[in-house]
Every structure is written in structure tokens, then in C-alpha cells.
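The values are calculated or read from the model by the stated rules, or taken from the named source; none is laboratory data. None of these values were measured; they are calculated from a predicted model. So basically every Cβ, Gly included, is an ideal-geometry build from the backbone, and we count neighbours across all protein chains shown.
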Amino acid sequence: MTPFERANARAANPRAAETAEYLDARLHMANYEESTFARSLLLAAELHGIQHAARECGLSDEAMRRQLNGTRPLYFDSVLGVMRALGVQLRVEMV
């Protein structure tokens, strides 16, 4: 994404842009762990409305919370569903 495209996307959906920046920063932490990212997704989902994220994943609110807080196993399709509900996407880049 070019800087111009990034600025346009930020203007179109500032909440999703802030969420993407927050999650990206969490992924780049030195002591990154799976549970850290899951809890970050939980926080973002709760700020945006956990109901929408849970519906996107086909889960109840409580089941969604249990997956994201580490009480239940977290499945990759749930990660993608929450991210979709938040208006962000997972992207792979060369290091």
C-alpha cells in the first residue's frame, strides 16, 4: 500500500486504521507470544463491540471471549473473523 493509499484508507475508516496500527505494534513486540496477540484482539473486539466479532465467527459473545482470553483454544478462522469484523486484515511481508 502506498503512502497515498494508506492516507485515503485512514481517512475513510479511522477506527479501523487505529486498530490496525495497534495490532501491528503488538505483533512487532520483542517478547511476542500468541496469548499477547489474542488478548489484543479481545481488547479491540470489546472496544468495537464483541457481539459483531462473535457473530462474524459464528460464536456467542462468551465463547468469543473465552477463545480470545486463552480459556479455550483459539482457532485461526476465529482470528480472521475477528479481524474482518474490526475492518482489518492480516498481511504477510518479507522480513
- For region 25-35, how many residues meet the condition of being out of contact with any helix residue (DSSP H, G or I) (no Cβ under 6 Å at 6 or more places or on another chain) and in a helix (DSSP H, G or I)? 4
- Query: So which residues in region 55-75 are closer than 15 Å to SER40 by Cα and part of a helix (DSSP H, G or I), if there are any at all?
  - Reply: MET64, ARG65, ARG66, GLN67, LEU68
- Message: Return the residues of region 1-37 that are more than 12 Å from VAL88 (Cβ to Cβ), of a type in the set (Gly, Ala, Ser) and at pLDDT 75 or above; say none if nothing qualifies.
- Response: ALA25, ALA30, SER35
- Task: Starting from region 65-94, take each residue that is at pLDDT 90 or above and list its partners that are surrounded by fewer than 11 Cβ atoms within 10 Å (Cβ to Cβ), counting only C-beta distances under 9 angstrom and pairs at least six apart or across chains.
- Result: GLN67/PRO73; LEU80/GLN89; MET83/GLN89
- Query: For TYR22, are the conditions met, namely being in a loop (DSSP other than H, G, I, E, B), of a type in the set (Ser, Thr, Tyr) and free of Cβ contacts under 8 Å to residues at least 24 places away in the same chain?
  - Reply: no
